[in-house]
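Reviewing the structure listed below.
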Amino acid sequence: MISLFDLRATPDPETVSAIGSLHEEEPRYRAIFPAEIKACIGCWSCWVKTPGRCVFKDTMAEIARDYVNADKVILLMDTAQGFLNHVAKAFMDRTIPHYHPYIEIVDGECHHKVRYDRYPELHFYYDEQGLAEEETQVIEDYLSRTAYQFRSKAYRIHKNPAWTLKELSPRRARNKTLQPRAAAKVDQLIIYNGSPRLSGSNTALILKAISDAHGSKVVLRDLKQKNLWAQWASNFPHESAVLFALPLYVHAMPSHVMAFFEMLSPSKGSLGFIVQQGFPESSHSYYLEAYFENLTRRLQRDYMGTAIKGGIEGLQLRPAKGQKKILAPFVELVGSVLENGQMAAPLLAKLAKPEYLSKGILFLFRLLAPTGLFLLYWDRQLQKNNAYSRRFDKPYTATKDNRPLDTSLDS
Ligand SMILES: Cc1cc2nc3c(=O)[nH]c(=O)nc-3n(C[C@H](O)[C@H](O)[C@H](O)COP(=O)(O)O)c2cc1C
């Protein structure tokens, strides 16, 4: 079975039929409009309450069976602001239930364990129009990276010079191509909180520590307050120093953060980013760092830098003293921005450790994995929710009555 999900704002039959003709079997077509995909809110219900199922009963839940059981999934996507747009990003984020919270080491780095026995090939199509060469590259790198972690073979569909499929192989991110350049002392720093979590957000903890230490020099804004987006986006060109702090979501930003980026226009000033993530090795955020460099170029701003910190999931559960130790370098980092306009290189290096898992960590992981130590964090939550016995559920495995996709572009 081949499932084709058309996430574009204006689907056109010509593209669909040209892409269909690249395959021996006709894909099952489904157009999915933006309002049909809710953005992931990071509640972890799909991991600790209803294993494998998202809390949202929207189109993403409806198509899950046709995603998981397909031999190939073809995704037709729009781009915006030099990246996949927020609709495509929301689709990626909402695939998280198809994997376990449990970690395993693959080729020396952390991966989530698979929930299903097999995953579809992923075929990606997006129009290159309006993208700079480095933006096309960063999108392609992001897609090949994501498919690799999703255990899917990845292909990119090219339109020009003729409709063709190109296999994408996993590759390193092209990050650190832009040097921090902002140099002016900052009187007031606007910091956006990009976590969609309604409670217990790690980003919120980090920002509270920063705000407590730097007082009125920092202004915190929470991107969950969508009613203020239009106002904030119109203020952006007049605000000289802006920083986004966010959790890593499927190798990039949460989709609502992308939706806000789409509203920003080029302007003078500086721009910086703080990314924190669940996996310990900060290199997982390199693909996003590469995009942030492109975004800064696109918005014609001076770059403050991108700070990356791994191993942050669970920060909210640590005792106060442990939290303080983790939060201190973030406070210092923002101090360096206020003082010199850009993130101090030694602090960036300190936060980023470890960038990759060392041989010693890998050895310890192999030694301790059989004891179940690394499962505890998730198992406790599963037990608390009476969901432990269902932790290996595969709710979307094909059944005889696997309903076919029924929306056709022509009907
Ligand atoms: C949908 C989703 C995708 C995620 N993807 C990644 C990822 O690709 N790599 C990673 O290290 N952590 C990933 N995480 C973990 C978050 O980055 C981590 O839990 C973070 O600390 C959450 O921050 P917050 O509490 O401020 O939202 C993901 C979390 C969610 C909910």
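What would the Debye formula give as log10 I(q)/I(0) at q = 0.09 Å⁻¹ for the alpha-carbon point model of segment 189-352, no solvent? Cα-only, vacuum Debye calculation for segment 189-352: -0.26. Within the same chain, lysines fewer than 8 places from LYS166 are excluded, and of the rest, those with a Cα less than 30 Å from its Cα are LYS72, LYS89, LYS113, LYS153, LYS176.
Given the rule -39500 (n - 2.57) for each run of at least 4 DSSP H residues, summed and divided by the residues of the chain, what is its mean residue ellipticity at 222 nm, to the nearest 500 deg cm²/dmol? The partial results should precede the final answer.
On the way: 13 runs with 135 residues, N = 411.
Calculated from helices alone, the mean residue ellipticity at 222 nm is -10000 deg cm²/dmol.
Between 0 and 90 degrees, the angle of helix 286-298 with respect to the longest Cα principal axis of the chain falls at about 70 degrees. Over all other residues within a Cβ to Cβ distance under 13 Å of LEU382, the charged ones net out to +3, with Lys and Arg as +1 and Asp and Glu as -1.
Database remark: amide H of GLN276 closer than 5 angstrom to the amide H of LEU246, LEU248, LYS309 (H placed geometrically; neighbours at sequence offset of 5 or more, or on other chains; Pro and chain starts carry no H).
Per the Kirkwood formula applied to alpha carbons, the chain shows a radius of gyration over Rh ratio, Rg over Rh, of 0.96. When Rg and the Kirkwood Rh are both derived from Cα coordinates, the Rg/Rh ratio for segment 158-199 amounts to 1.23.
Specify the angular offset, from 0 to 90 degrees and rounded to the nearest 10, of the alpha carbon long axis of helix 202-214 from the longest principal axis of the alpha carbons in the chain. Between helix and principal axis, roughly 20 degrees. Helix 59-68 and the longest principal axis of the C-alpha atoms of the chain enclose an angle of approximately 70°. Rg/Rh for segment 292-411 (Cα atoms only, Rh after Kirkwood) is 1.15.
Amide H contacts of ALA241 (H built 1.01 Å from N, in plane; Pro and chain starts excluded): ILE190, SER270 sit under 5 Å, all sequence-distant by 5 or more or on other chains.
Beta-bridge orientation, the chain: approximately 25 percent antiparallel, per DSSP, counting only bridges with both partners inside. Between segment 101-125 and segment 1-78, the alpha-carbon centres lie 18 Å apart. Per-residue Karplus couplings for segment 129-143, computed as 6.51 cos²θ - 1.76 cosθ + 1.60 with θ equal to phi - 60°, are listed in order as 4, x, 9, 6, 4, 5, 6, 4, 5, 5, 5, 4, 4, 4, 5 Hz, Gly and Pro entered as x.
Using the Stokes-Einstein relation with a Kirkwood hydrodynamic radius computed over Cα pairs, the translational diffusion coefficient of segment 46-143 at 4 °C and a viscosity of 1.567 mPa s comes to 86 µm²/s. Amide H contacts under 5 Å for ALA80: ASN85, restricted to partners 5 or more places along the chain or on a different chain, H placed in the peptide plane at 1.01 Å from N. Computed with the Debye formula from one identical point scatterer per Cα of segment 2-168, without solvent, the log10 of I(q)/I(0) at q = 0.12, 0.20 Å⁻¹ comes to -0.54, -1.51.
Read-outs: derived from the displayed coordinates by stated rules, not from any lab. Nothing here was measured: the structure is a model prediction, and the numbers come from that model. Counting neighbours? That spans all protein chains shown, and the Cβs are built from the backbone with ideal geometry, glycine included.
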